[in-house]
Amino acid sequence: MNENNKTQICIIGAGPAGLIAAIFAAREGASVIILESNPNPGRKLLITGGRRCNLTHHTEPAQLTKLYGKSGKFLSFCIYKFSPDYVQDFFAKLGVDTKIEPDGCVFPKSYKAEDVNNALIREAKKLKVKFVHNKPVRDISKSENGFLIQTKDEQYSAQKLIIATGGVSYPQTGSTGDGYRFAKNLGHTITEPKASLVPLIAREEWTSKLAGTSIANMKISANIENKKITTLGALVFTHNGIGGPAAQDMSRYLTDFLPARKNPIGITLDLVPDLKIENIENKIIQLIDENPKKKIENILAEFLPKRVVSIVCELAGCDSDTPSAQLKKAVRKKIANAIKAMPLSVVRTKAIEEATVTRGGVNLSEINPKTMESKVCENLYFAGEVIDADGPCGGYSLQICWSTGALAGTCAATE
């Protein structure tokens with residue numbers, strides 16, 4: 001074996017988790033090699049946040065871990081150790097200043113994902129991390145001194161191994177699920193991968209009439225196992241359902257129960273969450289009093305997108321051309337109900353390949369949360385999306401990458 005192919009720590013995957021793991025391991029003095037299947041590092045990182053890179057979310061660790069749901073307890077240690085404030089400070093020291101948006105999302109001031117990616121690569125190279133590109137890993141096996149990692153034409157030897165290969169979302173960026181195969185072959189259990197943060201497909205055909213129509217702020221509600229779930233944010237109607245942050249956040253709660261073609265999951269869309277139903281009725285009455293000759297569609301267009309108005313009227317059983325003065329009280333109430341609780345039947349999510357992140361992966365019960373080391377295979381570590389943890393829209397999933405990656409790199413180098 002080529003002596004240059006021997007290292008103390010080998011990291012598979014040069015995404016956000018792999019890059020930060022390499023930096024923290026190298027800062028502890030370890031020799032590090034990153035094996036990456038793509039020609040360049042950070043291909044998925046470069047497209048996050050619409051290529052603006054929503055680095056993290058400005059919130060306290062205690063609140064953050066709650067938002068991660070069932071994986072919050074597992075993530076708690078690394079989130080407190082490498083918090084959102086820590087992440088912002090880390091990137092500031094790499095020359096990437098950040099900006100906190102009113103909604104708490106944190107972006108680089110330049111709004112360029114490439115600045116984040118370049119800073120990580122630059123720091124890793126300064127610390128003598130060796131990058132090996134265009135080298136998809138084919139097989140991993142345990143050896144007397146650690147691990148043997150086989151690519152198509154070369155073999156690498158490492159005392160410790162960090163798997164940071166991502167999930168199966170956006171496979172064109174290199175996330176093809178290989179990490180699951182490696183982990184399974186090394187004794188791990190894999191929780192079935194499912195789409196998370198992904199558009200939802202509805203049974204109703206009327207969504208096609210609204211395709212492309214967006215609403216900046218709305219609320220989606222659902223009842224899952226006798227528990228009411230709500231998400232807030234922007235929404236866009238698609239030709240077969242709904243997308244946008246509010247829909248994607250809801251997909252996190254629904255994905256484990258989908259597909260559900262025979263018994264769709266009922267959700268409701270609150271088109272104006274800032275107004276109570278009685279306020280909507282009063283607003284309609286006021287507009288009718290001021291404009292009695294206007295058609296009802298023009299009255300409702302005062303606070304709803306016009307294309308949405310036609311569906312609201314359809315659901316309320318009234319003609320949108322009806323003169324507003326002729327609108328009966330019972331119909332007015334139905335209109336208000338349709339605005340506050342527009343019903344939709346979700347049958348499935350879009351394909352996992354189109355999801356922003358993957359739900360599922362290496363079972364958390366088999367990983368030490370204080371080190372990210374495997375409990376079933378000594379000197380094996382995990383970081384990022386390959387583990388069974390995901391967060392809502394708004395930088396939460398990247399925070400998982402930074403926190404688990406930094407912890408895995410530090411512990412692999414020092415344990």
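The values are calculated or read from the model by the stated rules, or taken from the named source; none is laboratory data. Computed from a predicted model, the values in this text were never measured in an experiment. Don't worry about glycine lacking a Cβ; one is built from the backbone with ideal geometry, like all the others, and counts go over all protein chains shown. Heads up: the accessible areas ignore ligands, DNA and RNA and are worked out on the full protein's heavy atoms, side chains in. Shrake-Rupley method; radii C 1.70, N 1.55, O 1.52, S 1.80 Å.
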Quiz item: In the range 201-255, what residues are more than 21 Å from Gly69 (Cβ to Cβ) and of a type in the set (Asp, Glu)?
Solution: Glu204, Glu205
Exercise. Starting from the range 175-197, take each residue that is among the charged types (D, E, K, R) and list its partners that are open to solvent by 50 Å² or more (accessible area, probe 1.4 Å) and part of a helix (DSSP H, G or I), counting only C-beta distances under 9 angstrom and pairs at least six apart or across chains.
Key: Lys194/Asp256
Practice problem: Search the range 389-410 for residues being part of a helix (DSSP H, G or I) and open to solvent by 10 Å² or more (accessible area, probe 1.4 Å), and hand back the single one that is nearest to Glu123 (Cα to Cα). | Solution: Thr410
Quiz item: Give me the pairs: first residue in the range 1-21 and assigned to a strand (DSSP E or B), second residue open to solvent by less than 10 Å² (accessible area, probe 1.4 Å) and of a type in the set (Phe, Trp, Tyr), beta-carbon distance under 8 Å, and six or more apart or on different chains, which are they?
Solution: Lys6/Tyr156; Thr7/Tyr156; Cys10/Phe147; Cys10/Tyr156; Ile12/Phe182
Quiz item: What residue, of Gly72, Gly49, is within 21 Å of Tyr396 (Cβ to Cβ), in contact with a Gly (Cβ under 8 Å, 6 or more places away or on another chain) and surrounded by fewer than 24 Cβ atoms within 10 Å (Cβ to Cβ)?
Solution: Gly49
Quiz item: Looking at this structure, is Ile100 touching a strand residue (DSSP E or B) at 6+ places or on another chain (Cβ under 6 Å), open to solvent by 30 Å² or more (accessible area, probe 1.4 Å) and touching a residue at least 24 places away in the same chain (Cβ under 8 Å)?
Solution: yes
Self-check item: Breaking point among (1) under 22 Å from the mean Cα position of the chain (by Cα); (2) farther than 14 Å from Ile267 by Cα; (3) open to solvent by 10 Å² or more (accessible area, probe 1.4 Å), for Thr230
Solution: (2)
Quiz item: Which members of the range 168-215 meet the condition of being closer than 23 Å to Ser365 by Cβ, of a type in the set (Val, Ile, Thr) and open to solvent by less than 60 Å² (accessible area, probe 1.4 Å)?
Solution: Val168, Ile190, Thr191
Quiz item: How many residues does the range 271-329 contain that are among the polar types (S, T, N, Q), open to solvent by less than 40 Å² (accessible area, probe 1.4 Å) and either under 17 Å from Ile215 (Cβ atoms) or not in a helix (DSSP H, G or I) (or both)?
Solution: 2
Self-check item: Among residues of the range 86-126, those that are part of a helix (DSSP H, G or I), under 18 Å from Ile47 (Cα atoms) and not hydrophobic (A, V, I, L, M, F, W, C), counted
Solution: 4
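To keep it simple, each residue is scored yes or no on (1) closer than 27 Å to Ala234 by Cα; (2) modelled with pLDDT of 95 or more; (3) out of contact with any Lys or Arg (no Cβ under 9 Å at 6 or more places or on another chain).
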| residue | (1), (2), (3) |
| --- | --- |
| Ser169 | yes, no, no |
| Thr176 | no, no, yes |
| Thr189 | no, yes, yes |
| Leu200 | yes, yes, no |
| Thr213 | yes, yes, no |
Practice problem: Consider Glu353 carefully, then state whether it is acidic (Asp, Glu), part of a helix (DSSP H, G or I) and surrounded by fewer than 24 Cβ atoms within 10 Å (Cβ to Cβ). | Solution: yes
Practice problem: Please work out if Ser157 is outside any loop (DSSP other than H, G, I, E, B) and in contact with a Cys (Cβ under 9 Å, 6 or more places away or on another chain). | Solution: yes
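Can you name the helices (runs of 4 or more DSSP H) wholly within the range 40-85 that have at least 2 residues being within 14 Å of the chain's Cα centre (by Cα) and among the β-branched types (Val, Ile, Thr)?
Hits in the range 40-85: none.
Filter the range 359-388 for residues that are in contact with a strand residue (DSSP E or B) (Cβ under 8 Å, 6 or more places away or on another chain) and basic (Lys, Arg); which is most open to solvent (accessible area, probe 1.4 Å)?
The qualifying residue most open to solvent (accessible area, probe 1.4 Å) is Lys375.
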